[in-house]
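First the structure, in the form of structure tokens, and then the observations on it.
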Amino acid sequence: MGRSDRKKEHYYREAKRKGYRSRSAFKLKQIARKHRLLKGVDKVLELCSAPGGWTQILRELDNTLEIVAVDLDKMPPIQRVKFIQGDITAPDVVETIRDLTGGSVDLVLSDCSPNVTGNWTLDVARQLELAEATVSIADGLLTTNGKVLAKVFQGKGFQQFLQTVRDRYRSVKLVKPDASRKSSAEIYLLAALPRKQKEREDD
């Protein structure tokens, strides 16, 4: 068993031991602690939330958070989490998100991945579409000091996407938690402090 396989197995076992719904729960836990992700955050929108591993971590780290979660698949309930089953790229779902959040959130999270086909170019393109949808939703909801954390695949189109996010946020970082395999092309984009429309035009 290689090092990355051992690491994957370690987090899988730890997730089972702690009662987390997915091993990816550790990714959010590590990012949240290292980058003080929840500082100043009261309301969270989590996209592609099922099966709920990240949602569990949000509850564990701050039990007072208001959370709205969205996924195409059903997600087993978590206490005081409002859940929407639907496609984040569909206008009616975006409208429902706006209604349930009251039109404003402090943090948008997205661990979205497409159904992988094995065609790397296609998979990257589909994943970037989900990342772009995440940022678009965040643009319409984030407060002045808001943040968005989104999974992205490093492939064709990634650099262009990164530049568009840098044009829209004052702070943009790329972060890779220990729970991610080093061989994986996934990385997390953490953007904070959205620029106002006038700022973007002036730049």
Requested in this report: Let me know the charge dipole size of the chain about its Cα centre in debye, to the nearest 20, where only the beta-carbon of Lys, Arg (+1) and Asp, Glu (-1) is charged.
Outcome: 1260 debye
Report task. Please list the equivalent ellipsoid semi-axes of segment 103-203, computed as the square roots of five times the alpha-carbon gyration tensor eigenvalues, in descending order and whole angstrom. Result -> 24, 14, 13
Query - Loop-exposed trypsin sites (Lys or Arg not before Pro) per DSSP, neighbour cap 13 Cβ within 10 angstrom, longest uninterrupted part of the chain - result: 81-155
Query raised in the report: Exposure proxy check: W54, W120 ranked by fewest other beta carbons within 10 Å?
Result: W120, W54
Query raised in the report: Count the lysine pairs in segment 14-121 that are 8 or more places apart or on different chains: how many have C-alpha atoms under 17 angstrom apart?
Result: 7
Query raised in the report: When DSSP assigns beta bridges and you keep just the ones with both residues in segment 86-203, what percent turn out antiparallel, to the nearest 5?
Result: 70 percent
Query raised in the report: For the pair T121 and D92, how long in nm is the line joining their label points, each one 7 Å along Cα→Cβ?
Result: 3.5 nm
Query raised in the report: Given a Förster distance of 22 angstrom, what is the FRET efficiency for L72 paired with E186, based on the Cβ-Cβ distance and rounded to 0.05?
Result: 0.70
Report summary line: Percent antiparallel among DSSP beta bridges confined to segment 3-202, nearest 5, equals 40 percent
Requested in this report: Count charges around L100 for me, please; just the other residues with Cβ under 11 Å from its Cβ, Lys/Arg as +1, Asp/Glu as -1.
Outcome: 0
Query raised in the report: Per residue Cα convex hull volume for segment 3-202, in cubic angstrom?
Result: 119 Å³
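The numbers here are math on the coordinates, done by the rules we state, and not lab data. From a predicted model like this one, the values you see are computed outputs, not experimental measurements. Positions of Cβ are generated from backbone atoms using ideal geometry, with glycine treated the same way; all protein chains shown enter the neighbour counts.
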